[in-house]
Amino acid sequence: MTQEEFFSRYKYDRTKDRIGGGGFGNVYKVFDTIENEIVALKIAEVKQGQESLSLLKEVELASSLKRHVNIARYTACYRFDLPNGHFDFGILQYYPIGNLSQLVKSKKLNHIEKEQIAKGVISGIQHLHSNNIVHRDLKSANILIAQGYQGEYVPKIADFGLSKQFSQNENS
């Protein structure tokens with residue numbers, strides 16, 4: 001996809017639609033005009049000499065995994081050269097509830113909800129470890145919250161920017 005096609009397809013306001021951010025870059029709620037749906041857009045600068053920590057590498061690592069209910073998935077990632085530098089633009093599902101930190105601040109969870117979330121996070125970690133991946137930045141802000149068929153909370157481990165995939169010889 002060209003840069004022109006990308007910015008024609010995904011519509012957002014950089015000031016009103018920002019839903020998160022940090023040292024890695026920013027995340028925006030955007031409208032996909034082709035799919036006619038809201039998605040999340042993560043924008044991260046590609047720092048010279050740190051390409052192995054780029055969003056593109058993060059998306060490649062996450063996409064190499066077999067699908068799992070507790071792992072957030074990117075649908076695409078594009079790299080564009082802009083006047084102010086090189087940037088990666090990653091597209092992923094939008095989670096209106098937000099992350100686990102936001103959920104805990106906005107709602108008092110009951111024992112069953114807490115247990116279901118904990119079991120989901122553990123299941124996601126087990127999936128990562130069975131694929132020789134260590135997340136290295138697991139925190140409540142990196143666990144997105146979806147809702148299941150019956151309204152239950154489903155945690156999705158996200159943000160693989162600091163993750164490391166080990167070979168069979170290194171995994172010990």
Practice item. Count, please, the residues in segment 106-135 that happen to be among the hydrophobic types (A, V, I, L, M, F, W, C) and within 17 Å of the chain's Cα centre (by Cα). Key: 5
Check your understanding: What pairs come up if the first residue lies in segment 93-121 and is surrounded by fewer than 17 Cβ atoms within 10 Å (Cβ to Cβ), the second is assigned to a helix (DSSP H, G or I), and their beta carbons are under 6 Å apart, counting only those six or more places apart or on different chains?
Key -> ILE97/LEU103; SER101/SER140; SER101/ALA141
Practice item. Could you please find all residues in segment 1-15 being over 14 Å from GLY90 (Cα atoms), open to solvent by 80 Å² or more (accessible area, probe 1.4 Å) and over 20 Å from the mean Cα position of the chain (by Cα)? Key: GLU4, GLU5, THR15
Point to revise | Residues that are open to solvent by less than 70 Å² (accessible area, probe 1.4 Å), within 17 Å of TYR78 (Cβ to Cβ) and within 20 Å of the chain's Cα centre (by Cα), drawn from segment 16-33 | key: GLY25, ASN26, VAL27, TYR28, VAL30, ASP32
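The values are calculated or read from the model by the stated rules, or taken from the named source; none is laboratory data. All values derive from a computational prediction rather than experimental measurement. Cβ sites come from the backbone with ideal geometry, for glycine too, and all protein chains shown count toward neighbours. Areas reflect the complete protein model, heavy atoms only, side chains present, ligands, DNA and RNA absent. Shrake-Rupley method; radii C 1.70, N 1.55, O 1.52, S 1.80 Å.
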